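One structure below.
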Amino acid sequence: MPGKRENYLSWEEYFLLICLVSRERSKDPRTQVGAVIVKNNRVLAIGYNGTPRGMTDDEMPWNSLGEETGDLFQIKNSFVIHAEANALNNLPLGTDLSEATMYISLSPCSECAKRIAQTGITKVIYFQEYKQTAQANLAKYILQKAGVECVQSHVTGLGEKLMLIGEKIFLEEEKQKKQVQKILYRKH
Ligand SMILES: [Zn+2]
């Protein structure tokens, strides 16, 4: 139709940006990951890496100082649930995931790959490659064997899109501030 806005987000950009914004909820100083489960272009659930319900973020060993000594209580991974697992945990019970897609800001680890494969999700689209190559390859092998397509997104310029979105929000905030100032001025 004529007059349609041109620079709107594509579905893939939209879901990847949801992952990239959601990961900002993570308390992990080193790795922040966001995941979103989508079916028929509808968001079913969102997750980011964090501690289980009931465990306080403030008590967790985020600096993971136990890795050298083998002290499990001082290793963050003893407690952290990955974004993909949390997204799955956040689904309403009994959700049918056939033909569903999981978008992730980072390619999955093997543990998450196993869980994803078991759910019936048919496609995984990730933004960035997991830096531990052996783990990443194992995860991809699991997904491939299970018949789950796992691909890195071809979308580019997400940072630029987000900057433009940021600029728009910034201008709206400025406008809002000015309106508040005007009202305050009128009151005096
Ligand atoms: Zn994982």
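Readers should treat all values here as calculations from the given coordinates under stated rules, not as data from a laboratory. This one's a predicted model, so the numbers in the text were calculated from it and none came from an experiment. Quick reminder, even Gly has a Cβ in these numbers, built from the backbone with ideal geometry, and neighbours come from all protein chains shown.
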Residue pairs qualifying under the 6 Å Cβ cut-off, at least six apart or on distinct chains, with the first in segment 69-90 being of a type in the set (Ser, Thr, Tyr) and the second being surrounded by fewer than 18 Cβ atoms within 10 Å (Cβ to Cβ), are 78/72
Kindly evaluate residue 26 against the criterion of being polar (S, T, N, Q) and within 16 Å of the ligand (Cβ to nearest atom).
yes
Exception for residue 66 within (1) crowded, with 16+ Cβ neighbours inside 10 Å; (2) closer than 27 Å to residue 140 by Cα; (3) away from the ligand (no atom under 13 Å from the Cβ) falls at (2)
Subset of segment 1-17, residues assigned to a helix (DSSP H, G or I) and surrounded by fewer than 19 Cβ atoms within 10 Å (Cβ to Cβ), comes to 11, 12, 13, 14
* To do: Might you check whether a residue that is of a type in the set (Asp, Glu) and assigned to a loop (DSSP other than H, G, I, E, B) occurs anywhere in segment 51-65?
  => no
Regarding residue 54, is this residue over 17 Å from the mean Cα position of the chain (by Cα) and farther than 16 Å from residue 152 by Cα? yes
Exactly one of 104, 169 is touching a helix residue (DSSP H, G or I) at 6+ places or on another chain (Cβ under 8 Å) and either on the phi > 0 side of the Ramachandran plot or of a type in the set (A, V, I, L, M, F, W, C) (or both), and that residue is 104
The strands (runs of 3 or more DSSP E) lying wholly within segment 70-185 that contain at least 3 residues that are within 16 Å of the ligand (Cβ to nearest atom) are 101-106, 123-128
Query raised in the report: Would you call residue 145 surrounded by 16 or more Cβ atoms within 10 Å (Cβ to Cβ), among the basic types (Lys, Arg) and either more than 16 Å from residue 35 (Cβ to Cβ) or without any contact (Cβ under 8 Å) to a residue 40 or more places away in the chain (or both)?
Result: no
